[in-house]
Amino acid sequence: MPRLAFTNTFWETYDLLEKQAKAGVRRAMAKFQQLSVAELYADKGLHLESVEASRDPRMRTIRITNFWRGVVLAPDDGSDIFLLLSVVTHDDAYAWAAKRLYTVNTATHALEVRNVVAIEQLTPPLEQAAAGAPELLFERHSDSVLRELGIDDQVLRAARAITDKPQLQAFSSLLPEDQFEVLQFLAEGFSADEVYRDVVTARKPAQAAAVSDSLAIAITNTASRITLVSTPDELAEILEKPFAAWRVFLHPSQRRLAYRTSFNGAAQVTGGPGTGKTVVALHRVKHLLSRSPHSRVLLTTFTNALAELRATGRTTHLQIGADAARLLSTPDGHAHQFDHVVVDEAQDLRPAQWRVLRAAVPAGPDDLFITGDPHQRIYDSRVSLRALGISVTGRSSRLRVNYRSTAEILEWSARVIDGSPVEDLGGDGNDNLAGYRSLLHGHRPETAGFPTEQAEVAALGERIRGWISQGVEPGEIAVCTRFNILLDKVHSRLRDNGIPVVRLKDMWMVYASRACMP
C-alpha cells in the first residue's frame, strides 16, 4: 500500500479549512491507505491526475470537495510515498502546482521547493539593474563557495543580481528553503565556514551517501519540514489535532542540539524571543530519558508565580537556595543529586540559585543543559558561570530563527534595540542578535502617536471597538503596555466603555491559586 508524507505547509493550510473540507481530506487520505497505486489512479472519486504544463512532472492534484483540491507529489523513483503539499481552491490548485519545482539540495540532501516561474521572471530585470550597481550583496563569495553551500545554478544566477538585503527578502517565499537560509546568513556577514556549520552540517544526515534524486530518500532527509505517517491510527490522531498542538517539525538547528548524543560537560543554548529555546529544552529532556529511562532529570524554568504565591516569612528564596546548595554539597546531599539538570529561562537566575543547580548534579557529561536569552533579562542578575563552577566553553550555541513573530514585526521591533552591548549569560562577554530572523510573513505594524495619555487610551478603545464590530472575538485581541500603571488605566477605561476585558495576570493568579489548593 502507498505511504503518506506531509509537508509543514500542508498542515498550515489544513488548519484553515472548514469542517466539511477537513472531512474531505480525511476521506481522501484514507484511500491512500486502502488502495494500491494503480487503484488510486483509477478511483473516480479521488480523481488523482497530473498537472498540465507543470514544471515538476511529479505534480498531481486530488479532489477534496467540489471547491477544494489537494496538491500531491507522486513518486517516480519506484517507491510508494506520496507527498501531500497543500490544499488549494479548485481554480487555483493547477496554477499553484504548475509554478513549483521540488529538488534535492546538493549540500543538505533535503527536499526543497521553489517558485521556479517567479524566479525566472524576476531575475532578468534584477540583472539589468545590478549591472550599474556600485556593490552586489554576495560579490565577495565565489561561485565555488556558494555551490559548496548548496546553491544551485538558478539560485546562483538570481543571487548574483541581488544588491541588498531588502531584495533578498523579496525572494524569501520563492527560493528553496535551505538555499535561502544560506544566503540570509551570508548577507548578515557570517563566513562561509560558519554557514556550513550552522546550516549545512545541521541539516545534512550524519551518514549521508551521495546525493540522490530519489523522492523517498529526500523525504527521509527532510525531517524538519516533512513528516512520514506510518499507520492509519497515527494519521487519524494527527488529523484530529490542530497543527500548533502537535508540531513535530524541529528546525535542524534545534534538532541538532536537542538530540545530540552527548555533550562533554555543561551546554548552553541562547536565542532571541520566539526561537524555540523552551522547545529545545523539553526535547532535550525527552532525549536524555529515552537514552536512559531511569535517569533523574531536573527541569527548571523561571516564573513570577512562585514569588507571588510564596508565604510571607523571614526566609527568602535566595536564603533557601543558599541553604540547599550547602546541603547538596555535603556527603549526605550527594545521595539526592540528579543525573541531569535542564535549565530554561536562565537569564534571570541569581548566583545562589546557580549554586543550587551546580550542586544538584555531579560535574560530567550532560550535567547541565542551559537555555536563555540575555536580551530578555527582567532583573539585573548578571553572573559569571565560570566563577560558579559551570564552564560552557566550546559548548555554546545560538538559535536565530524566530517562529513567533512575522518578519515585518521583527524588523519593526528590532529598531527599539539601540545596539548597546548586552552581557552574555556567562558574564564573560557580550551577546548580539546577528542573523536573528523570521520565516513568517504578515502585515506591517501600524504606529500612531497622541498628544496625551488620555487621547492614546481613548483611541485604543475606538480601535478595539472597531475590530469587534468587524467580527473579531474579544478573546483574540491583546493589549500590552510597558508599565503596569498604564495597563491599569487601560483596563479601567475599556471596562467602563463596556468592552469585555480580563487581566491575564489576574487570571494566572486564579489558576495558580487553584493549583496550590490541597
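When only alpha carbons are used to place a centre, the range 125-179 and the range 366-441 end up 29 Å from one another. Both radii come from the Cα set of the range 46-86: Rg as radius of gyration, Rh as Kirkwood radius; their ratio Rg/Rh reads 0.97.
This ranking places Leu46, Leu215 by how few other beta-carbon atoms lie within 10 Å of each, fewest first, which gives Leu46, Leu215.
In a shell of Cβ-Cβ distance under 14 Å around Arg147, excluding Arg147 itself, what net charge do Lys and Arg (+1) and Asp and Glu (-1) give? My count for the surroundings of Arg147 gives -3.
Our coupling estimate for the range 153-168, obtained by passing each phi through the Karplus curve with A = 6.51, B = -1.76, C = 1.60 and θ = phi - 60°, is 4, 5, 5, 4, 4, 5, 5, 5, 9, 8, 9, 8, 5, x, 5, 4 Hz, Gly and Pro reported as x. Treating r as the C-beta distance of Thr89 and Arg140 and R0 as 56 Å, the FRET efficiency rounds to 0.80.
Counting beta carbons within 10 Å around each of Trp412, Trp96, Trp354 and listing the fewest first gives the order Trp412, Trp96, Trp354.
The lysine pair tally for the chain, using Cα distances under 18 Å and a gap of 8 or more places or different chains, is 6.
Only counting other Cβ atoms within 10 Å, I'd like Ser230, Ser50, Ser224 sorted with the fewest neighbours first.
Ser230, Ser50, Ser224
The coefficient of translational diffusion for the chain, derived via Stokes-Einstein from the alpha carbon Kirkwood radius under 4 °C and 1.567 mPa s, stands at 49 µm²/s. The alpha carbons of the range 111-203 occupy a box of 35, 28, 22 Å along the principal axes, longest dimension given first.
Extending 7 Å from Cα along the Cβ direction at Ser191 and again at Ala448 yields two label points whose distance is 5.0 nm.
Positive contributions from Lys and Arg (+1) and negative ones from Asp and Glu (-1), summed over other residues with Cβ under 11 Å from the Cβ of Pro75, come out at 0. Across the chain, the longest piece that holds none of the GluC sites (Glu not before Pro) lying in DSSP loops with up to 13 other C-beta atoms within 10 Å covers 140-445.
What you get for the chain, charging only the Cβ of Lys and Arg (+1) and of Asp and Glu (-1), is a dipole of about 1300 debye around the Cα centre.
Within the chain, the longest run free of exposed loop sites, counting trypsin sites (Lys or Arg not before Pro) that sit outside DSSP helix and strand states (H, G, I, E, B) and have at most 10 other Cβ atoms within 10 Å, spans 141-313.
Every number here is computed from the coordinates shown, using simple stated rules; none is lab data. All values reported here derive from a predicted model rather than from experimental measurement. Reconstructed Cβ throughout: ideal geometry from the backbone, glycine too, with neighbour counts over all protein chains shown.
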